[in-house]
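Asks: Provided herewith is a single structure, encoded as structure tokens, for subsequent inquiry.
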Amino acid sequence: MSSRALLVARTDGETTRLRLRDVGLLRTDLRILREGERLAFPLTEIGTVPPSWGEVGVREFASVEPAGPRDYRDLLDLPGIDRDALPRSFDIVGDVVVIRLPEALLDRRTEIGAALLRFVPSARVVGVDRGVKGTERRRDLERIAGEGGWSTRHRENGLDIDVDLERAYFSPRLAHEHERVAGEVGTGEEILDLCCGVGPFSLAFARDGRAAHVTAVDSNPAAIELLRRSSARYAFGSRVEPRLAALEEFLPDAPPSDRVVLNLPLEGIKYLPSVATAVRPSGRVHYYEVVPRTALERRGSEIVRSLGRPGSWELVERHVVHPYSPRSDLISFTIERAAE
């Protein structure tokens, strides 16, 4: 589209943009044009530009495309349903979108799925998450839009991770936690990643190069298969040793470790006494548990006592990872064994 234009040096671009914006001379429906070392700003037809600001001419500009919806709920028209009753959040794993819906909205899941498929540019399939079930922590999913299965490749913290949401546990909501714990690992550490799922903790530990060895344990054959596939993609994958085993079988003979991760939020507490025997002096346990908000203040000391050896353990850090339900949160507890 043809328009009046103000031509200035690129080095004066931001100053000029702010000047034109402040006096109402900048057209926002057209894109700023770059011409070598100069920029052309589209001007309104009315208004005088001071000569000292630059050269005024005429240029052809591209139109600014209208911004798309900022919320998938903007794409829905569901009579009789309050917009605020629709979930605000959802998960994106590779090209898979997963959302939890209250029972009252399940009969509108097809429309909700179609809106999410349109809203997320990379989406191939949308599913309703009915929760993680069983000892192998398999997710119960129902397809509500799109096509294909639940196997995908997810990009997280610079890692490409093979995921199958229906066959093995993975949560994209833990990406910051995976990176945070990996940043604490010291040179030469030997680490246990218990109930590892598809191995995002293990892969992050190995990627950074400080861990000498990471033993990744899970009782789900699909999880171990996916971890092997991901680790084979990287030269550092040789530092990760995937082990198919139940914790009851593995922990009695577990190798002494400098750091242990136990991400089994609903029943991990029963394994903590056994985990304690696998931690070297000055070693740490990163333990995750779903805790009612009313119980959070006392829960840290209860967890320390469950490790046994009074006086040998100290809670050094705890924080909320993310909300789990209206009354509870997923909490990260970091517990350190005393030096000898």
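Asks: How many percent of DSSP beta bridges within the range 171-337 run antiparallel, rounded to 5?
Replies: 50 percent
Asks: Mind listing the phi-derived Karplus ³J(HN,Hα) values for the range 249-263, rounded to whole Hz, using 6.51, -1.76 and 1.60 with θ = phi - 60°, and x for any glycine or proline?
Replies: For the range 249-263, the Karplus-derived couplings read 7, 7, 4, x, 10, 5, x, x, 10, 8, 8, 10, 10, 10, 10 Hz, x marking Gly and Pro.
Asks: Relative contact order, percent, of the range 1-43 when contacts are C-alpha pairs under 8 Å separated by at least 6 residues?
Replies: Computed over the range 1-43, the figure is 55 percent.
Asks: Further question: Given that just one value was derived from the coordinates, which of (1) 50, 27, 20; (2) 82, 30, 13; (3) 32, 25, 18 is semi-axes √(5λ) of the Cα gyration tensor in Å?
Replies: (1)
Asks: Just subtract the alpha-carbon distance of D129 and E317 from 0.36 nm times their residue separation and send over the number in nm, one decimal.
Replies: Values: separation 188, 0.36 × 188 = 67.68 nm, distance 3.12 nm.
Extra length available between D129 and E317 comes to 64.6 nm.
Asks: Based on DSSP, what percent of beta bridges with both residues in the chain are antiparallel, to the nearest 5?
Replies: Bridges in the chain that DSSP calls antiparallel: roughly 70 percent.
Asks: Residue farthest toward the positive end of the dipole of the chain, with Cβ of Lys/Arg at +1 and Asp/Glu at -1: which of L101, S63, P326?
Replies: After comparing all options, I get S63.
Asks: Quickly work out the T294-to-T11 label distance, labels modelled 7 Å from Cα along the C-beta direction, and quote it in nm with one decimal.
Replies: 6.7 nm
Asks: Just V64, V321, V98 to compare: in a GNM of the chain, with alpha carbon springs under 10 Å, which one fluctuates most?
Replies: Largest GNM mean-square fluctuation: V64.
Asks: So how far apart, in nm, are the two label points at T187 and R229 if each is 7 Å from Cα heading toward Cβ?
Replies: Using points 7 Å along Cα→Cβ, the separation is 3.7 nm.
Asks: Hey, in the GNM for the chain with a 10 angstrom Cα cutoff, which one of R239, R284, R83 fluctuates hardest?
Replies: Of R239, R284, R83, the most mobile in the Gaussian network model is R83.
Asks: Now a separate question. What residues have an amide H closer than 5 Å to that of D95, excluding those fewer than 5 places away on the same chain, when H is modeled at 1.01 Å from N in the peptide plane?
Replies: R153
Asks: Can you tell me how much longer the chain between R305 and E166 gets when fully stretched, taken as 0.36 nm per residue apart minus their C-alpha distance, in nm with one decimal?
Replies: Between R305 and E166, full extension yields 46.4 nm more.
Asks: Here's a follow-up. Would you work out which of F90, L117, V8 lies farthest towards the positive end of the dipole of the chain? Charges go on Cβ: Lys and Arg +1, Asp and Glu -1.
Replies: Of the options given, the answer is V8.
Asks: Given a Förster distance of 22 Å, report the FRET efficiency between I81 and R327 from their Cβ-Cβ distance, rounded to the nearest 0.05.
Replies: It comes out at approximately 0.35.
Asks: Moving on to the next point. Over the chain, what relative contact order in percent results from Cα pairs under 8 Å that are six or more residues apart?
Replies: 9 percent
Asks: Using every pair of alpha-carbon atoms in the range 2-60, split the distances into 10 Å bins beginning at 0 and state the percent of pairs per bin, rounded to integers.
Replies: Histogram of Cα-Cα distances, whole percents per bin: 26, 64, 10.
Asks: Over the range 233-330, with a single point scatterer placed on each C-alpha, what log10 of the ratio I(q)/I(0) does the Debye formula yield at q = 0.14, 0.21 1/Å?
Replies: -0.62, -1.16
Asks: Sticking with this structure for a sec: How big, on average over all directions, is the shadow cast by the Cα convex hull of the range 72-149, in nm²?
Replies: 5.3 nm²
Asks: In addition: Please arrange T16, T110, T187 by counting, for each residue, the other beta carbons lying within 10 Å of its beta carbon, fewest first.
Replies: With the fewest neighbours first, T16, T110, T187 line up as T187, T110, T16.
Asks: Further question on the same structure: Roughly what % antiparallel, to the nearest 5, for the DSSP beta bridges in the range 72-149?
Replies: Counting DSSP beta bridges with both partners in the range 72-149, the antiparallel share is about 70 percent.
Asks: Okay, helix-only estimate at 222 nm for the chain: each DSSP H run of n ≥ 4 adds -39500 (n - 2.57), divide by all residues, round to 500 deg cm²/dmol; what do you get?
Replies: -5500 deg cm²/dmol
Asks: Pulled fully out, how much extra length does the chain show between E142 and R34, if you take 0.36 nm times their separation in residues and subtract their Cα-Cα distance? Before the final figure, lay out the partial values.
Replies: Working: separation 108, 0.36 × 108 = 38.88 nm, distance 4.84 nm.
The span from E142 to R34 would gain 34.0 nm if fully extended.
Asks: Separate question: Mind sorting E35, E177 by how few other Cβ atoms lie within 10 Å of their own Cβ, fewest first?
Replies: Ranking E35, E177 by Cβ neighbours within 10 Å, fewest first, gives E35, E177.
Asks: Rounded, prolate or oblate: pick one for the range 128-217, where a ≥ b ≥ c are the square roots of the eigenvalues of its C-alpha gyration tensor, a/c under 1.5 means rounded, and failing that, prolate if a/b is larger than b/c, else oblate.
Replies: Judged from the Cα gyration tensor, the range 128-217 comes out prolate (a/c at least 1.5, a/b above b/c).
Asks: Which of the three applies to the range 171-337, rounded, prolate or oblate, going by the alpha-carbon gyration tensor with a ≥ b ≥ c and a/c under 1.5 meaning rounded?
Replies: Taking the square roots of the gyration eigenvalues as a ≥ b ≥ c, the range 171-337 is prolate.
Asks: Tell me, what is the FRET efficiency for S274 and I92 to the nearest 0.05, using R0 = 51 angstrom and their Cβ-Cβ distance as r? Please list the in-between numbers first.
Replies: Working: r = 36 Å, r/R0 = 0.70.
My answer for the efficiency is 0.90.
Asks: Moving on to the next point. Given the options E37, E267, E289, which has the most mean-square fluctuation in a GNM of the chain, springs set between C-alpha atoms less than 10 angstrom apart?
Replies: Most flexible of the set in this elastic network: E37.
Asks: Using alpha-carbon positions, what is the distance between the centroids of the range 113-179 and the range 279-340, in Å?
Replies: With the range 113-179 and the range 279-340 each reduced to a Cα centre, they are spaced 28 Å.
Values in this text are rule-based calculations from the coordinates and carry no lab data. Not measured: the values here are computed from a predicted model. Cβ: placed from backbone, ideal geometry, glycine included. Neighbour counts: every protein chain shown.
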